[in-house]
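One structure is given below, encoded as structure tokens.
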Amino acid sequence: MTTQTQPDWAAWAEEDAAPVIRRTPSFVTPGPAPAAIVRRETPPASIVLDTPLPIQQQIRMVTSHTDRAKGFTLVSLPMAMGVGLGGLLLAIGLFKVPLWSMGALLVLFLAFLATWLLAWLWFTAASPDGIGLMQVLLHYRLLRHEQRARLRRMDEP
């Protein structure tokens, strides 16, 4: 039996050589590529009602202040006269006011004027001029509240 031995110089060369470090590979192969994201635009669901559409109408009125004043007179004068006469009859019946007295005349005219004034205020507020005036006044009110809120925020520490 013969054994082979290494020569002395081979052992010495192994000790003097830099140690060989064997690394396991750290690279991980990627998996399958992710699926491409496809964005699909779906149209919004439309609501279709099977009812007939309402009739659309366009009303265009061309009037003047004179026409509005005549319309107000036609509406408010009979109403104010009726309230005045009703007030006169109530004053005569309930409070025993003589028919041909200054008290009866005062009740008649005050009821007439109060009704006429309320109708005028209502009519003016509902007219195009009144709507514009109310819009401006409410806009100023909004600005005033906004300014107060801003000043309050500026005064806070």
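Brief remarks follow.
- Residue ID - nearest to residue 116 (Cα to Cα), chosen from residues in the stretch 49-94 that are modelled with pLDDT under 90 and part of a helix (DSSP H, G or I): 68
- Residue among 127, 46 that alone is surrounded by 10 or more Cβ atoms within 10 Å (Cβ to Cβ), of a type in the set (Ser, Thr, Tyr) and at pLDDT below 95: 127
- Of all the criteria given as (1) closer than 26 Å to residue 137 by Cβ; (2) surrounded by 11 or more Cβ atoms within 10 Å (Cβ to Cβ), the one not satisfied by residue 89 is (1).
The values are calculated or read from the model by the stated rules, or taken from the named source; none is laboratory data. These numbers come from a predicted model, not from an experiment. Note that we place each Cβ from the backbone using ideal geometry, even for glycine, and neighbour counts take in every protein chain shown.
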